[in-house]
Structure formats: C-alpha cells, structure tokens
Amino acid sequence: MAQARKPQENELMEKIVSLCKRRGFIFQSSEIYGGINGFWDYGPLGARLKWNVRELWWQAMTSRDDIVPLDASIIMHPKVWQASGHVDTFSDPMVDCKLCKARFRADQLHETPCPRHPSKMASECEGEKTEPRAFNLMFKTTVGPIETEENIAYLRPETAQAIFVQFKNILETSRQKAPFGICQIGKAFRNEVTPRNFTFRSREFEQMELEFFIRPDEVVERIAGSVARLDEAADLSAPQKNWGWQLWHKYWVEERLCWYESIGLPRDSLEEYWQTPEELAHYARATVDILYKFPFGTQELEGIAARGDFDLKAHQEASGKSMEYFDEEARIRYIPHVIEPSAGVDRLVLALICNAYTEETVPNEKGQPEQRVVLRFHPRVAPIKVGVFPLLRNRPELVQKAREVRDLLRPHMTVFYDESGAIGRRYRRQDEIGTPFGVTIDFDTLGETPELKDTVTVRDRDTMAQIRVKISELPAYLLQKLR
Ligand code: ATP
C-alpha cells in the first residue's frame, strides 16, 4: 500500500515552487533578466490549470438564469476611481528604513525579513523607521501621447467597478429582474508593497467577481426554503427589513464553499471568517472571508461582502446618472443593494497545487519501495486528463494503435501522448503533474490474448489500480470519471 506524507510546511513551499518551475506550471516573469518582483507567468500546465479554474467558475455562474457576464476594459475613466474611493483611500501605511532604504508595510514589520539581516524581522533590526505614510496601490499610466496630469489613468485594482458602472446598460439589455447578478473574470493590478508567498500576493493577478443585486428589504422566502442551513442561520429576531440581504449573504457564502468543495478543496482545508465590526470596510455591512490553510498560514482566498448600496449610490452621485431599479410588480423604485463574492484565480490555483501535492512511497514494478510525487488534483481541474502510452515505442503496430486511441479521445479531453522511456517512468511523469488517468496500449490490445483484443489498460493515478476497458467504451468511461 502507498504511504502518503505531506512534507513540513516550509519544506513543502520550497518543493512546490520548485515543482511548478520544473514541470512548467509557474515561472518568474522576465526570468532571463533577473525577474520582476510580484509578477508571474503560467507555463503550459499552469495555463491549462488556470483556464480550468476560470471555466468552472464561469460555468457555475453563467449557467444560472439569474446571472449574466461582462468583459470590461482594464483602463476606465479616472473618475470611476475617484467615485469608488480608490484614489483617496486605496492605500497601505508604509514606512521606510533610514538605514537600508527598504520600504515595508507598517502593519507587517513583524513578519517581513530585514533585507540586510534576513534572519531578523524588519521590526528587530537596528534601522530607524520613518513615520507611516499612505501609499496608493493603484498603478498609474497616461492615456494618449502627452504625459500630463489630466491624462493620468489607472490600471484597475479590482474588476468590480466596471460592473457597477455598466449596471444600467446591462439591466436594460439583458431584461433581468432583481435579484440578479453580473459576473466578470479579469486582470487586476495592485502595486503591493511586499509581494510574497509565491503567487499569493502578486502585483498583477486575476479576479473572479460577482455582484449580486438585491432588494434590501425583501423577505426572501424563495431562497430560505432552498438551502436548509439558511433557515437555521437566519436571525429571525432581526428587523424584517434586514432579512433579504442577510439571507442572500449567507446563501452566497454557502454556495461558494460548496463550489470550492466541488473542485477538490475539502471543507476542512477551508475556514469561514466573519470580520468583526472593527475590521469591516466602512461601506460593508458584513464580510465573510473564505480562508485556505496554505503551508505559510491560513489566508484569504475569497471575500464575500454585503456592500449595501454604497457603490451604485457613489456612481450615481458622481456621474449624475440614475442607478435606480424599478420593480414593476411592487411598483417601487430603489438603488439595489449588493452581495459581492470576490475570488482570486491565482490564489486558488496556488491552493489547488498545495492541496494536491503529496509524496508517497510505493512499490515499483519489481516490488521495491520507490518515492513518487503525486498532484492529486480533482479530475475537473487537472491540466491533462489522460496520458496515452504505447507499451514500446519501437513496435509500429503498438504506436499506430496508441495514436488511434489518442485521436479518439482528443475531441473529448486534454490528452498527453508519450512514447519515450520505460512505462513506469511515463506513469510517474504524469503522476507528478496530476494526470488522473493513464491508458496503455499493449500486445493484448492487438489480440495476443484473443479475449482482450481491442481493450486497453486504464491506470488510476491515486490508487495505481489498473483495469481493462474496451477501446469503443473508453471515451464514455473516462468522461464519466472526469465529471
Ligand atoms: P488581502 O487582504 O489578502 O490583500 P483583499 O482583502 O485586499 O486581500 P480583495 O480586495 O477582497 O482582497 O480582493 C478579492 C480577492 O482578490 C482576494 O480574496 C484575493 O483572492 C484576490 N487578491 C487580492 N489581492 C491580491 C494580490 N495582491 N495577489 C493575488 N490575489 C489577490
């Protein structure tokens, strides 16, 4: 039997970073020039993994009747960021070290190593620090050929604002009725003071955001019945006018937790953290962070905020355009309130890799113990779904049959075809990148054992068990397992 182990926490991160580079998941951006801090590139496997994550989120959102998508520009009118409050308040408190000139986040001095003495934290080194100053996290650029103050624009620090700004256009063209949502996936940029923990805190990253617009005083019987936990959780002693947003908020927390589970993050690897009143942003009525137990600590994957009508109201005031919604049934006009589940693609990709990484001692073909590294990805997120291998590369009849099997599967799933090296080595290579199934074409496939003609071996990545499946039934067999 396989003996699985997770390495120690700091050792684990080193191994994960090294595997990501070695196997082509994640590279440092501009590496040949020494890299650029806080920017990362996704290699062939990382790009597929990331794509799968986006696609699963996109499906979960847009397969519903009550959610429509948006794909907005990264650079928007600078007034958007004035109205949203980002120009004035999207900042971190920063201090400079007078001795080594390094800059630190004032609230992270205890956890950031000193560049001169990496064994000490910045708070412990002898360098005197300046008073904290606000540092705006938005990247600036200029639009057009002339670099003047008036031409300054910002790279969006979140995708959400475009949804608010386009609220009316989408409402009118999509004929949605509240409650309904608008979702978007896209790049966001923050000039983070201390990017760290691999891709966890980057300066360029991707968000998956939903703004779900609701009538705040609605009593939401429709959802109260549909999610059992909601009924228990609902505080029925609260004033009736609050039920709507509280229930929708809890509903989305539950939906999102279920989604994480459905793509392979077990519930016990996640934590639900309800921000205290002191921690809440000034516009938020309640915020729940979904945290993942990363090797470097339990940290945020997604924030789910009940933002009231802050955003639409701010844009209505700044633009002079009405953001009101007219409820034809109730004959009332109001600015909808918003529940915002906001997740990071890169953090989730990192969590999936951390969760999947396993080292095992298993018997090799000769029965001797051997180490293997396995990424136990859920089949839905795995970058490659199946490896196809002819048993021997120097037997044309095996190779030809294997290529036929590859071509049979390719329209249905991502296939990796590999004919080089011992079969055990080829299995290990796929284990290390998380491919859930391996299909081997051997002499029995060609009819050496007549009753096994036109069957192949299907090997399961996790159990390493092998079964024989008819080629004609292979696509259906694998598709059912991949679901
Ligand atoms: P943190 O407190 O960790 O900086 P945040 O609360 O500022 O995060 P939000 O503004 O709520 O983050 O953004 C929503 C999501 O976007 C986060 O939950 C995270 O997954 C992702 N995200 C935010 N900042 C970064 C970053 N610098 N690098 C990678 N992902 C990020």
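Observations on the model:
- Overall form of segment 384-482 per C-alpha gyration tensor (a/c, 1.5; a/b vs b/c): rounded
- Near the amide H of Ile441, within less than 5 Å, lie the amide hydrogens of Phe389, Leu391, all on another chain or at least 5 residues away, with H placed in the peptide plane.
- The phi-based Karplus calculation (6.51 cos²θ - 1.76 cosθ + 1.60; θ = phi - 60°) puts the 3J(HN,Hα) values of segment 134-146 at 6, 10, 6, 8, 7, 7, 9, 8, 10, 9, x, x, 10 Hz, whole numbers, x for Gly and Pro.
- Separation in nanometres of the label points that stand 7 Å from Cα toward Cβ, at His412 and Arg116: 6.4 nm
- Gap separating the Cα centres of segment 421-483 and segment 67-103, nearest whole Å: 50 Å
- The fewest-to-most ranking of Leu452, Leu348 by surrounding Cβ atoms within 10 Å reads Leu452, Leu348.
- Whole-Hz ³J(HN,Hα) from phi, Karplus 6.51 cos²θ - 1.76 cosθ + 1.60, for segment 375-380, glycine and proline x: 9, 8, 5, 4, x, 5
- Cβ-Cβ FRET estimate between Ser472 and Ser73, R0 fixed at 51 Å, reported to 0.05: 0.55
- Put in order of Cβ neighbour count within 10 Å, fewest first, the listed residues Phe135, Phe389 become Phe135, Phe389.
- Annotation: the antiparallel percentage among DSSP beta bridges lying fully within segment 384-482 is about 55.
- Counting neighbouring Cβ atoms within 10 Å and putting the fewest first, the residues Lys168, Lys481 line up as Lys481, Lys168.
- Using 0.36 nm per residue and subtracting the Cα-Cα separation, the extra length available between Leu280 and Ser30 on full extension is 86.2 nm.
- Once both labels are positioned 7 Å from their Cα atoms along Cα-to-Cβ, the gap between Glu359 and Arg395 label points is 3.6 nm.
- Altogether, the Stokes-Einstein calculation at 37 °C and 0.692 mPa s, with the Kirkwood radius of segment 293-332 over Cα pairs as Rh, returns a diffusion coefficient of 240 µm²/s.
- Note on Asn197 and Asn169: with the Förster distance fixed at 41 Å, the Cβ-Cβ geometry gives a FRET efficiency of about 0.60.
- Other residues within the sphere of radius under 14 Å centred on the Cβ of Pro113, judged by their own Cβ, net out at +3 (K and R +1, D and E -1).
- Rounded to 5, percent antiparallel among DSSP beta bridges of the chain: 85 percent
- Karplus-derived 3J(HN,Hα) values for segment 116-132, using 6.51 cos²θ - 1.76 cosθ + 1.60 with θ = phi - 60°, are 7, 10, x, 6, 9, 7, 4, 6, 9, 7, 6, x, 6, 9, 6, 5, x Hz; glycine and proline are entered as x.
- Between Glu272 and Arg64, residue separation times 0.36 nm minus the direct Cα-Cα distance comes to 72.4 nm.
- Working from Cα pairs under 8 Å separated by at least six residues, relative contact order for the chain is 13 percent.
- Contour excess over end-to-end distance, with Cα ends at Cys100 and Thr130 and 0.36 nm allotted per residue: 9.6 nm
- Each Lys or Arg adds one and each Asp or Glu subtracts one; over the other residues with Cβ under 12 Å from the Cβ of Gly43, this totals +3.
- Charge sum, other residues only, whose C-beta stays under 9 Å from Gln184's C-beta, Lys/Arg counted +1 and Asp/Glu -1: -3
- Under 5 Å between amide hydrogens, built in the peptide plane, is the criterion, and for Phe135 it picks out Asp92, Met94 among residues at least 5 positions away or on other chains.
- Whether segment 149-212 is rounded, prolate or oblate, judged on the alpha carbon gyration tensor where a/c under 1.5 counts as rounded: oblate
- Start at zero, step by 10 Å, and the Cα-Cα distances of the chain spread as 4, 16, 24, 23, 17, 11, 5, 1, 0 percent across the bins.
No lab work stands behind these numbers, since they all come straight from the coordinates. Because the structure is a prediction, the values reported are computed rather than measured. Here Cβ is always computed from backbone atoms with ideal geometry, including for glycine, and neighbour counts include all displayed protein chains.
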